[in-house]
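Derivation of every value follows stated rules applied to the coordinates shown; laboratory data play no part. Since we're looking at a predicted model, the values are computed, not measured. Because the Cβ atoms are built from the backbone with ideal geometry, glycine has one as well, and the counts that use them run over all protein chains shown.
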Amino acid sequence: MSQHNNLDFSTRAVHSGNEIDKETGAIRRPITMANSYALPYDPTDMNWSSADGNLYTRNGGANQKYLQEKLASLEGGEDCVVLASGVAALSGLFFSLLRTGDHVIFSSVTYIAVYRLLNELFNNKFKVKTTIVDTSDLEAVRAAVKSNTKLIHIETPGNPTLSVSDIEEIAKIAHENGALLSVDNTFASPYSQRPIELGADFVVESLTKYINGHGDAMGGAIIGKKEHLDIVRAQAQVNLGATISPFNAWLIMRGSVTLPLRMQRHNDNALKIALWLEKQPCVSFVAYPGLEGNNGHEIAKKQMINGFGGVLSFGLKADHDTHNRFVQNLSIITSAVSLGHDESLIVFLGENDERQYLYPEEFHNGFFRFSVGIEDVNDLIEDLSQAFQNTGLQ
C-alpha cells in the first residue's frame, strides 16, 4: 500500500508510485527497459514462475510495479495487477477465477470483448455457464443468481448505452449468495467512481483510456485483494504472458498524474454538450448519466462522486448515410474508436450490431458514441453545430 494513502486523490495521483531514483537522483522513476534482472549467488532454489522481486519482465517489471502501487492507491484497493491491455485484464480475471461448472452473471451492456469472452469463449471452451442480465434492474440480478454463481460482472456506465448499475446494491446481492463482484470502471475512472469503496471485490480499468489519457499507450489493470490478485499474477501474467511493456507502463504512469485535471474537464465538457444536444431538433435522443431525465441518473448521483464521465451517446432523426455524412462534416471531432483521449472522438454504430437486441429501443436505428475531449467546449459545440448545418439537419 502507498505511503500517500491518507492524502487527497489529486496529491496521490502525483506522488503515489513515484520516488527519487536512488542511483541517479532523478525525481521521476526512470524507464527500466531490461527484460532480465541479476540473479542471487545461488539461484537453484528459486521459483522461476514467481512474481515476487525482479527476475524476468514477464514475471513483472519495475515500471509495472510502480504503476500498480499508484493504481491501488487511487482505487482504494489492497493490491493491483497491471497487464498489457484492458482486455488482458478482463480475460485474466475471468481465466484466473472461473472453473468448469461455475456460473457468471454479466451486464447486458458491456464492452464487446466481455460479450465475446463470457457469452462465447468461456461458455464453449470451458463450460462456464453465463447469464446476460440488465444489471440496472436489481430484481433481474437477484433472480438470475444460482447456487453455482461465482461472479457477477457489471460495467457502469455501460459501453455504449451509458446504462447505470447500482454497485453497492449488487455487491450486497453477490455477497449474500457467496459470489464475487467485478466492476469495469473504465467509463468513469477512479476520479469519478471507486467501486471498491462501494463493496466491489474487483475493479477493472482499461488504462488505455482515461488513466493514460493521451492515446499513445495500452494497458489494463485489476484492483482487489492480494489473495485473489496473486492468482491472477501467476496465471494471467506469468503463465499466459499478458505482461505490459516497461515503456507502456511508464507512459501510463506519466499520463495518470494529470488524471484529476483532465477528468474534471472531460466531465464538465460532456455535461454541457449533452445539455446542448438535448435541445437540437435533429437529435432523437441523448444518453448521459448526468442528464436528469436519463434512467439511472439518481443512482449515478449517488455513486459517481466528481462528475458523470466524458462519454455520451446520441442519435439523429436521419437515415444511415446521413449519420456518416454528419461525421464527415466534423472538423475538430475525430472519427475513431477508443475513448478517454485528450482529443474528442466519435464513432457511428450502425443498425447491424449483433448486440442490438440488448440495447434500449432508441438505439436500434444507429447512434453515435461520443468521447468528449478536453478542448474548449464552445469550439466543440460549434463543430457539432456546423456539421448539423452542412449535413442539412438544421
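Going through region 13-119, which GluC sites (Glu not before Pro) have at most 11 other Cβ atoms within 10 Å and a DSSP loop state?
Those that pass, being in a loop and sparsely packed, are GLU23.
So between ALA140 and GLU292, what do we pick up on full extension, going 0.36 nm a residue minus the alpha carbon distance?
Working: separation 152, 0.36 × 152 = 54.72 nm, distance 2.38 nm.
The span from ALA140 to GLU292 would gain 52.3 nm if fully extended.
Net charge around GLU343, counting only other residues with Cβ within less than 14 Å of its Cβ (Lys, Arg = +1; Asp, Glu = -1)? Could the numbers behind the result be given before it?
Working: positive: LYS209, ARG262, ARG265; negative: ASP216, ASP342, GLU375, ASP376, ASP379, ASP383.
The answer is -3.
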Kindly provide log₁₀ I(q)/I(0) values, in the same order as q = 0.11, 0.12 Å⁻¹, from the Debye equation applied to equal alpha-carbon scatterers of region 9-256.
-0.57, -0.67
Farthest positive-ward along the chain dipole, Cα basis, beta-carbon charges - from LEU380, SER136, SER245
SER245
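Volume per residue, Å³, of the convex hull around the alpha-carbon atoms of region 76-200? It would help to have the intermediate numbers written out before the result.
Working: hull volume 12.4 nm³, N = 125.
Convex hull volume per residue, Cα atoms: 99 Å³.
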Rounded to the nearest 500, what is the 222 nm mean residue ellipticity of the chain from helices alone, with -39500 (n - 2.57) per DSSP H run of 4+ residues and division by all residues?
-9500 deg cm²/dmol
Student exercise, region 9-256 dipole from Lys, Arg, Asp, Glu Cβ charges, in Debye to nearest 20:
480
How big is the gap, in Å, between the Cα center of region 92-120 and the Cα center of region 308-327?
29
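Can you list which of the trypsin sites (Lys or Arg not before Pro) found in region 118-211 are DSSP loop residues with at most 16 other C-beta atoms within 10 Å? It would help to have the intermediate numbers written out before the result.
Working: sites: LYS125, LYS127, LYS129, ARG142, LYS146, LYS150, LYS172, LYS209; in loops: LYS127, LYS146, LYS209.
When the trypsin sites (Lys or Arg not before Pro) of region 118-211 are filtered for loop state and at most 16 Cβ neighbours within 10 Å, LYS127, LYS146 remain.
Around SER107, what is the net charge, scoring Lys/Arg as +1 and Asp/Glu as -1 over all other residues with Cβ under 9 Å from its Cβ? Don't skip to the answer; put the middle values down first.
Numbers: positive: none; negative: ASP134, GLU155, ASP184.
Spelling it out: positives minus negatives among the neighbours equals -3.
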Sparse-neighbour loop sites [trypsin sites (Lys or Arg not before Pro); region 213-286; at most 12 other C-beta within 10 Å; DSSP]
LYS279
